[in-house]
Structure formats: structure tokens, C-alpha cells
1. Taking VAL180 and the conditions (1) open to solvent by 20 Å² or more (accessible area, probe 1.4 Å); (2) without any contact (Cβ under 8 Å) to a residue 40 or more places away in the chain, which numbered condition does it fall short on, given that it satisfies the others?
2. Quick one: in the range 114-167, of everything that is of a type outside the set (Ser, Thr, Tyr) and outside any helix (DSSP H, G or I), which residue is most open to solvent (accessible area, probe 1.4 Å)?
3. Could we say that THR25 is open to solvent by less than 20 Å² (accessible area, probe 1.4 Å) and more than 14 Å from the ligand (Cβ to nearest atom) here?
4. Scan the range 266-289 and report the pairs whose first residue is on the phi < 0 side of the Ramachandran plot and whose second residue is open to solvent by 50 Å² or more (accessible area, probe 1.4 Å), with Cβ atoms within less than 6 Å and a gap of 6+ or a chain change.
5. Do any residues in the range 412-440 that are of a type in the set (D, E, K, R) have Cβ atoms under 6 Å from those of residues that are assigned to a helix (DSSP H, G or I) and buried (at least 23 other Cβ atoms within 10 Å of the Cβ), where the two are at least six apart or on different chains, and which pairs are they?
6. Filter the range 52-70 down to the residues that are in a loop (DSSP other than H, G, I, E, B) and within 18 Å of LEU16 (Cβ to Cβ) and list them by number.
7. Of GLU197, GLU188, which residue is under 21 Å from ALA90 (Cβ atoms) and among the acidic types (Asp, Glu)?
Amino acid sequence: MENKKDKKVLLRISNLKQYFEVKKTSMFQKEQLYVKANDGISLDIYEGETFGLVGESGCGKSTFGRSLLQLYKQTDGRTMYYGRPLDEIAPRYMEETLKNLPAKMKALEAHQAKVELLQKEYDNLKTDEEKYTMHGKLKEAKKIANDAFLDIAQVIGGFYISKDLGKVSATFLKEYHANVALCIAKEELRKLESEFEAIKAEKEEKKVSKSEIDAALAKNKAKVDAAKKDVETKQEIFNAAKQEIDAMKKDYAGNAEFDKYETYLDEGVDLARLTEEEIRRLRKDLQLIFQDPYSSLNPRMSVGQIIGEGLNAHKVFHKNKDKMQDYIMQVMEDCGLAPYMVHRYPHQFSGGQRQRIGIARSLALKPKFVVCDEAVSALDVSIQSQIINLLLDLKEKENLTYLFISHDLSVIKYISDRIGVMYLGNMVELATTTDLFAAPMHPYTEALLSAIPTTDVDDKKETILIEGDIPSPIKPPTGCKFHTRCQYCTDICKKVVPEFEEVTPGHFVACHHKRNVVESK
Ligand SMILES: Nc1ncnc2c1ncn2[C@@H]1O[C@H](COP(=O)(O)OP(=O)(O)OP(=O)(O)O)[C@@H](O)[C@H]1O
């Protein structure tokens, strides 16, 4: 197994919740009900891995994938993305935190005081019954206080201990605004350079003389030069603002407490708190491949147009049409589509070919993270393996990271580096593929694995039947949500939510009666 420390986290998901409102059935119904499709999921997804996600239909797999991509605005929790430098995105929520630092600090103190009070009350409780009842309330208060703390510490780090928050706020805001101005200037330069290249390529193709090309480009060249100068000036202002912060840090040299909080500085971007415009800018990094390629492809667009649509929307080639056409051909070839297919329409393809178009469309944008939602489930078994191998080849070539959602455990086993098992909106087990199949610790995983069909006639393995239907995600069972169907259920399971804990390195499980713990390493 790879060492965890060697791997770079691409997405750090903490306590992700996705609740869908349920429409009230009568005017007398007071309580607002929610479908708790994802109910507090935490995990890291590493760069370059394939993370498989399994679970029964309706357990919240698709919702989780879509929430990560922010196709649904998540109800609660953090989704930190490390695929791009924070400075490049300069999210608005940072500005909001910096502007309101003193007020946010006051609110944090109030949250912390509430936690202290509840903790005292909890410690004084006499019976386990009372403790079970209060545990949830205390946990929620701790979570709110921790979120409020992270909102501040992730942005200002060690300055969390500063007595002069006004000065901290002003200095960090200056740096933030200088960075935003620099980002805008860089984007303008990129656009002008791309236009310049496009005009040059067009003239050269028409075989006009060099002096004519120079004359035609004179105006554009002046614009590019001015934009370059602007970037340089803005870079200097940004560097100066950074130096001001560094100078302030010198006052805390050797201060252990400052150093402790400095480690909370986070270079990730919290996708859950981005504005729509900011998410739009990141959209090309975060892509989705659907189960049903036919309904996701516009029947009135040719393959070339379908692949080019995203490239145009993200102005990847600005006005350089020839370069874009060459690139589309390249992507088609990478995805196993012949060049003559570029003018064909989706109805002229087989299911497998349509899935290749869907893949080409997503991968043309050079994403970093791709959610494959039942991407091969609608295909014949023989085509399934072709598409899976294509996805694996492309992953290797482009260093992609996949979240691979499937109800088919044999597909998941084949493709995944690690696997997460979901039950009724929660992750109940997470481990490397080898560990999970060798020693499943959750009774639900154990039952799922025992039900995989095998061709081995000597295999005398007993199939564990999971009795009953999956309970309602609107009013899920108390305690462990699986207790109503679990053969090992005891009293504690009905009352206490089991912690999702790391039992052996990299193997997490949420269960009061873990299985196979001794055998696994
Ligand atoms: N947009 C929505 N509005 C309301 N409820 C939703 C919405 N999307 C999903 N749900 C509900 O959330 C729960 C989880 O659904 P989800 O599609 O994520 O499950 P799944 O595990 O992907 O299932 P399947 O494998 O069948 O696709 C279900 O109870 C579903 O009815």
C-alpha cells in the first residue's frame, strides 16, 4: 500500500450534507421534512486515484457525486479543492471573512462558550440514556464552533492570536485586492495573446508577405505589450502587499502559539462557498460522465460541435478556430473515434460509441476530477470492458482523478484503488480495494460482497441476505442507520450513532460490532 503521506489530496470533503426539501402534503403539516440524501460524509480523494463508490439504489451515490461538482448547492460541510492555487481563484468568501474579522471572532467566542456549557452539562449527566440523548446536541455545537474557527484560521493562520484584528484585516484585504487585480490583468493578457496567435496563423495560411502580416498585427501587438506591462505593474503591487504580511509575521518569530495556528492556513478552495461565477471558472476542472450517453448528448449537434461546445464556453482557444479543430480531432482519436465521424450526429452511433463521445466531451476540457456516474452500466459487457480500459488509459495519460460510481461490485473492484461503501446517506466503510475485499469490517459490506456471483463451482461461500427494504431517508432509523437490517444488532446500535473511525491504517468503518478486525492489517 502506498504511504498516505506521499499522496496529494485533491479533494478534502468534511461533513458534506445534501438535504432535499419534501413538499408538505397538507396545510396543517407544520414540520418541514427533508430527504437526507447525504448526511455528513467526510473523506479525502487523492490526486490520480480512482475512488469507487458502491451502495444500494437510493443510498445517495449520485447525489454525492453531483454535490462534489456543485451541481447541487450542498446543504452543509466543506469541499476543499486543491487542484488550483488559491491565488488563482481568489474566492469572494475570503474577502467576506477578512472584512468582518472582528465580528466573526466574536461569534466564534459565543459558539465556543456554548460548547463549554453543553460539555459541562453532559459530563454531569448520570445515566447512559441521558448521555445518548444529549450526545447529538453537543456534537452539533462542536461542529458549528469548529466551522467558525476554521473559517478564520484557514485564511489568516497564526494571526488568529493577534490583538489588533483591524490591522490584520486591512493588510490581508490589501493583498487580496492586489491579487484580484493581478488575476484580471493576466486573463486579459492571455486573451490578447491568443487572438494575436489566431490572426497570425490565419495570415500565414493565406501566404501573405511578412511585412503585410506585421502591418496587420501592429495594433494587436501594441495591445499585447500594454497588457504585459500592466501584468508586471500589478505583480509588483501584489508582491509589496505580500511583503507587508511577511513583515507583520516577524513580530511573532519564535511564538509557538502563532506557529500552531499558522498550520491551519489552507491553500484549498472551498467549492461549497464559491459564487456561481467562480464555480463556472472551475467547471472545466470538474467534469461528469453520465450513465445514459444518449439523453445527455444534444441530438441536433454533430460530434465536432458537441466536443467544441465546452471549449467555446470556456474560451479555451479564443478565436483560434484552426487550432481548436485540430485539438478536437486529437481528442476524438484519443477516445477511439475516427476522424470521419466528426460531422455525424448522436443517433448515428452505437451505445459504446456514444459513451466515447460523452467521454471525449468531458475530457476535452482537460479536467482534473471526473465523476463517472454508472458510466458503463447501460452497456453490453463486452463494450463495458472497452470503455473501462479507455477510461483507465486516459487517466494514466492525463493524470486524472475519478470518482467511479457503480452498483456493480465487480466493475468497482476492477477499476478502483480505494472503495467507499454508502448506506442511507452515510459512508459506512472505506478502504483500499484489496483490504475491503479481503476483510470487510461492516456487516453491510460483508453482505454486499457475499452476494457477488461467482463462476467457481468449489466456492462454498455463504450468501448473507440483507433482510427488508432500505429505510426511508426522510426519517432514517436512530443510532446506526443499518441496525434495522443487521444480524449483529444490539441495544447500543439502536441508540448511538457509530463513529466513522480508522481501525487499521487507511481502513475506516462506522460500526459498533466490526467484523474481521483481527485478520486485517
Ligand atoms: N433532486 C432531488 N430532489 C429530491 N430528492 C432527491 C433528488 N435527487 C435525489 N433525491 C433522493 O435522494 C436519495 C438518494 O438518491 P441518489 O440518486 O443519490 O441515489 P443513488 O445511490 O445514486 O441511487 P441509484 O443507484 O438508483 O442512482 C433518494 O431517496 C432520492 O429519491
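1. (2)
2. LYS163
3. Numbers: open to solvent by less than 20 Å² (accessible area, probe 1.4 Å): no; more than 14 Å from the ligand (Cβ to nearest atom): yes.
No.
4. That search, which allows pairs on different chains as well, returns THR275/ARG92; ASP285/LYS368.
5. These pairs meet every condition: GLU429/THR445.
6. Within the range 52-70, GLY55, GLY58, CYS59, GLY60, LEU69, GLN70 meet the criteria.
7. GLU188
So that you can scan it fast, the table gives a plain yes or no per residue for (1) among the aliphatic types (A, V, I, L, M); (2) out of contact with any strand residue (DSSP E or B) (no Cβ under 6 Å at 6 or more places or on another chain); (3) outside any loop (DSSP other than H, G, I, E, B):
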| position | (1), (2), (3) |
| --- | --- |
| ILE213 | yes, yes, yes |
| LYS219 | no, yes, yes |
| ALA226 | yes, yes, yes |
| GLY254 | no, yes, no |
| ASP259 | no, yes, yes |
| ASP266 | no, yes, no |
| GLU277 | no, yes, yes |
| PRO299 | no, yes, no |
| VAL316 | yes, yes, no |
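The values are calculated or read from the model by the stated rules, or taken from the named source; none is laboratory data. The structure displayed is predicted, hence computed values, not measured ones. Cβ coordinates were reconstructed from backbone atoms using ideal geometry, including for glycine residues, and neighbour counts include every protein chain displayed. We work out accessible area using only protein heavy atoms, side chains counted, and drop any ligands, DNA or RNA first. Shrake-Rupley method; radii C 1.70, N 1.55, O 1.52, S 1.80 Å.
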